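What follows is a short report on a single structure.
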2 protein chains.
Amino acid sequence: MTNEFDTQILIDSIENELHRSLNDLGEAELRQYYFMLAYHLGWEGEGAGAETRGKRIRPLLLLLSCAAAGGQWQEALPAAAAVELIHNFSLIHDDIQDNSPIRRGRETVWKRWGVAQAINAGDAMFTLAHMSLLRLDSTSSPGIAIQAAKTLHQACLKLTKGQYLDLEFETQEQISLEAYWEMVGGKTAALLAACTELGAIVANTSQSRHEHYRDFGFKLGLAFQAQDDILGIWGDAALTGKSNESDLIARKKSLPVLYGLQQQGAFAKRWNQGPVDLSEVEFLAKQLETENARRYTEEFANRLTDEALQSLFAANPSGAAGEMLDKLAKKLLRREL
Amino acid sequence: MTNEFDTQILIDSIENELHRSLNDLGEAELRQYYFMLAYHLGWEGEGAGAETRGKRIRPLLLLLSCAAAGGQWQEALPAAAAVELIHNFSLIHDDIQDNSPIRRGRETVWKRWGVAQAINAGDAMFTLAHMSLLRLDSTSSPGIAIQAAKTLHQACLKLTKGQYLDLEFETQEQISLEAYWEMVGGKTAALLAACTELGAIVANTSQSRHEHYRDFGFKLGLAFQAQDDILGIWGDAALTGKSNESDLIARKKSLPVLYGLQQQGAFAKRWNQGPVDLSEVEFLAKQLETENARRYTEEFANRLTDEALQSLFAANPSGAAGEMLDKLAKKLLRREL
């Protein structure tokens, strides 16, 4: 592996590009307006720092996909900043929609500045994302900038569709597994698919390789969500209950829960009786496991992981970036550390 | 005037293009999701019809500017739909931020479907706007599509800046007139400036004509807002008080109010004592007039109207479209009809 793909260099470059995007706001002019966005991105305010910035997984996937597809990752930086800004725009609005007061250990934007300003901060972040993406016209070419913008727009539209379904699910008793996957496809997988595809687009590879990269990102997203659903019920934090991290308490209609409800057994009976208590979490998780919900979700995660890695193989990623992409995917899917 | 510029033909074409944009949602798939947006645009649900659709002023200005600058207005339709969608995205979010239950005589989106779904519906509308704009790459050219997209992004950023200031003003006692104009420049004028400039961009005229068209739209927006501020206090609906339409009751810090507060006279004294009653509206409006706030605002509106029309003259609009543009501007500024 060459030094060129030292993750830290990529992360630093992403951070620089994000700063460049936020500078479009005109920092000096409206300091507090800039501060809201910089706070959310983990740059400013109490608790600012690497651990509150998120892992910048999406821009990393994008840059590595670009390099692995034979492109220059530096050319893809405007797109990398754009996907991270889109992700963060959706988090700012999600936190309002879910009424979440805390993210990454800090107050959320709406909690700190109110719902009205938080909606607007998200809208600003969304705009900065699109502005960033079009800078591809100078790092790459106008044709690629337009193709990339259209790809990102489609992902944003799927994001809002997924969010629509997720909000609808809260009020529905019965949710089909198909509907669940459509929701996850929009909320999680569509943006990851856009990341890997945008890398290939900037690298200007063949259409068929674009599709393999996109499939890789999409399936990575689905598998990742299934893993996350497992951890939300059987992970250490969820089971010990100390941090209230169990999806059973949050009444999140995750994949194992939906599977469990379909069985119409003891789990479904208890779930339908109303809110689950901290003291019941361990027993109920065990019951759900007995009813095969864990095995079902694990098999699903494994199958999607295999398919993601097959798509990556078909994309034929090259060089050190290709190796890192494979490694990053396996790390995300907990196949290896 | 040729038949080509019959306003109804333009309006119908705008409406068709908007339908085309919304079809990107995939109507059949998620009927209710589509319905929220179609409802807001005045196409579906109780009370749907021309009077609930708004006047589509922005896309009209855009198409007329394009034709008056020597372009084919049909080529500009994707941009026309885009500015109308941006306007409506901002209305959906504004209504949440202002806690407004009614728009154009009907329940607002958040009132009907809740804040969470309304935030998301706005985000979807925002995305559809950007998707629509990039269709310029086929009606016009990729280079023009990128230039137009960047122009629209800048306007969106100014929109969020104006909204930030407007929300901040609610909590501030003292607001300078400079800050007021910066807010109005963002909230009202920036998008109108983008409309007229986008028309010129699609017409592919010279840079200096772009600037004249942009200045025309920007000043039109400022003058329009000043007019609106006058009507909000001294208009018939505001004075009769029957419909609660007085900005004095809404405690809106409009231009006449800010001017009045600066005078530190009887108006300021009463305003600072707290909420204004229906029964006081006529007297307080009179007091504000005595303190010259009306004359100040009218002089401002007149000056900006003159400047807007001078910019339009400098842009040298041609043919029937040019005449209609002049007419539309004067109508908006209440110089005639």
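The values are calculated or read from the model by the stated rules, or taken from the named source; none is laboratory data. Quantities reported herein were computed from a predicted structural model and do not represent experimental measurements. With ideal geometry, Cβ positions are generated from the backbone for all residues, glycine too; neighbour counts draw on all protein chains shown.
Points worth noting:
- The stretch A:7-19 residues that are in contact (Cβ under 8 Å) with a residue 40 or more places away in the chain, paired with ones that are part of a helix (DSSP H, G or I) and of a type in the set (Ser, Thr, Tyr) (beta carbon under 9 Å, 6 or more apart): A:17/A:132; A:18/A:132
- Qualifying residue in the stretch B:52-62 (condition: of a type in the set (Lys, Arg), free of Cβ contacts under 8 Å to residues at least 60 places away in the same chain and within 22 Å of residue B:323 (Cα to Cα)): yes
- Restricting the search to helices (runs of 4 or more DSSP H) fully inside the stretch A:12-117 and requiring at least 1 residues that are of a type in the set (Val, Ile, Thr) and closer than 21 Å to residue B:152 by Cα gives A:77-97.
- Tally, over the stretch A:92-148, of residues that are touching a Cys at 6+ places or on another chain (Cβ under 7 Å) and either of a type in the set (A, V, I, L, M) or in contact (Cβ under 8 Å) with a residue 40 or more places away in the chain (or both): 0
- Looking only at the stretch B:149-175, residues that are in contact with a Lys or Arg (Cβ under 7 Å, 6 or more places away or on another chain) and more than 7 Å from chain A (Cβ to nearest Cβ) come to 5 in all.
- Filter result for residue B:116 (surrounded by 19 or more Cβ atoms within 10 Å (Cβ to Cβ) and away from chain A (no Cβ under 11 Å)): no
- Here residue A:262 passes the criteria (1) in a helix (DSSP H, G or I); (2) crowded, with 20+ Cβ neighbours inside 10 Å except the one numbered (2).
- If the condition is being of a type in the set (Val, Ile, Thr) and over 24 Å from residue B:98 (Cα atoms), then the stretch B:246-292 contributes only B:290.
- Residues located in the stretch B:71-112, provided they are buried (at least 21 other Cβ atoms within 10 Å of the Cβ), of a type outside the set (Val, Ile, Thr) and within 17 Å of residue A:168 (Cβ to Cβ): B:110
Here is a yes/no grid of residues against (1) touching a Gly at 6+ places or on another chain (Cβ under 7 Å); (2) modelled with pLDDT under 95:
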| residue | (1), (2) |
| --- | --- |
| B:47 | yes, yes |
| B:58 | no, no |
| B:69 | yes, no |
| B:93 | yes, no |
| B:97 | no, no |
| B:115 | no, no |
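- One residue stands out in the stretch B:137-148 among those that are under 26 Å from the mean Cα position of the chain (by Cα) and more than 9 Å from chain A (Cβ to nearest Cβ): the one that is surrounded by the fewest Cβ atoms within 10 Å (Cβ to Cβ), namely B:139.
- Whenever a residue of the stretch B:171-186 is over 18 Å from residue B:158 (Cβ atoms), its partners that are of a type in the set (Phe, Trp, Tyr), lying with C-beta atoms within less than 6 angstrom and at least six residues away or across chains, give the pairs B:175/B:169.
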